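Take a look at the structure set out below.
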Amino acid sequence: MRALDDIAAFAALLPRGRAVAGLDLGTKTIGVAVSDVMRAIATPLLTIRRGKFAADAAELAAIIAGRQIAGLVIGLPRNMDGSEGPRCQSVRAFARNLEGRIDLPVVFWDERLSTVAAERALIEGDTSRRRRAEVIDQVAAGIILQGALDRMAYLQEHEG
């Protein structure tokens, strides 16, 4: 299934009563967050240390299967002016490669400033510098996923 840029089209493809996962794709790590089955709350789950694509995809597939994930929200690192640079191209390429291994709806979500927000939240929570480095990507994935969940809830309330 081709990755989407439209959150409403993504939401329409999701079966009820199943969680979705959010990904923050970095060059060295992949932050993973998951929602509850009502798709109201995003929770940071873990950080995958990136290696070869096949190993990364296998780890994601295991998480998806184990948690019965219905769809993926992937953060798209747009430039501040909304344009797409090399990092966006890399994320879109990762999603294209993932399509052949994971048969789920995938949507891109604008992740501008998600890492900044994650860092700020961790500092406010008095998280040590070392611990912040360990969890920053999964917290950013949680922020990305929560934004998408909030938008889907808004669309559901206002459809019709």
I need the full set of residues from the stretch 12-24 which are more than 13 Å from the chain's Cα centre (by Cα) and crowded, with 22+ Cβ neighbours inside 10 Å, in order please. none
Return yes or no: is THR27 on the phi < 0 side of the Ramachandran plot and surrounded by 14 or more Cβ atoms within 10 Å (Cβ to Cβ)? no
Among the residues in the stretch 128-141, are any surrounded by 13 or more Cβ atoms within 10 Å (Cβ to Cβ), out of contact with any Asp or Glu (no Cβ under 8 Å at 6 or more places or on another chain) and under 26 Å from ALA11 (Cβ atoms)? yes
Search the stretch 79-94 for residues that are on the phi > 0 side of the Ramachandran plot and pair each with any residue that is in a loop (DSSP other than H, G, I, E, B) when their beta-carbon atoms are under 9 Å apart and the residues are at least 6 apart or on different chains. GLY82/ARG112
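A quick yes/no check of all residues on (1) surrounded by fewer than 20 Cβ atoms within 10 Å (Cβ to Cβ); (2) over 14 Å from the mean Cα position of the chain (by Cα):
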site	(1), (2)
ALA70	no, no
LEU76	no, no
ASN79	yes, yes
ARG92	yes, no
ARG120	yes, yes
ILE123	yes, yes
Might you let me know whether the stretch 14-35 holds any residue that is within 24 Å of ARG131 (Cα to Cα) and part of a helix (DSSP H, G or I)? no
For ILE144, are the conditions met, namely being within 11 Å of the chain's Cα centre (by Cα), buried (at least 20 other Cβ atoms within 10 Å of the Cβ), among the β-branched types (Val, Ile, Thr) and in a helix (DSSP H, G or I)? yes
Of everything in the stretch 88-131, what is basic (Lys, Arg), modelled with pLDDT of 90 or more and not in a loop (DSSP other than H, G, I, E, B)? Give them in sequence order. ARG92, ARG96
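The values are calculated or read from the model by the stated rules, or taken from the named source; none is laboratory data. Just so it is clear, the model here is predicted, and its values are computed rather than measured. Here the Cβ is made from the backbone with ideal geometry for all residues, glycine too, and neighbour counts use every protein chain on show.
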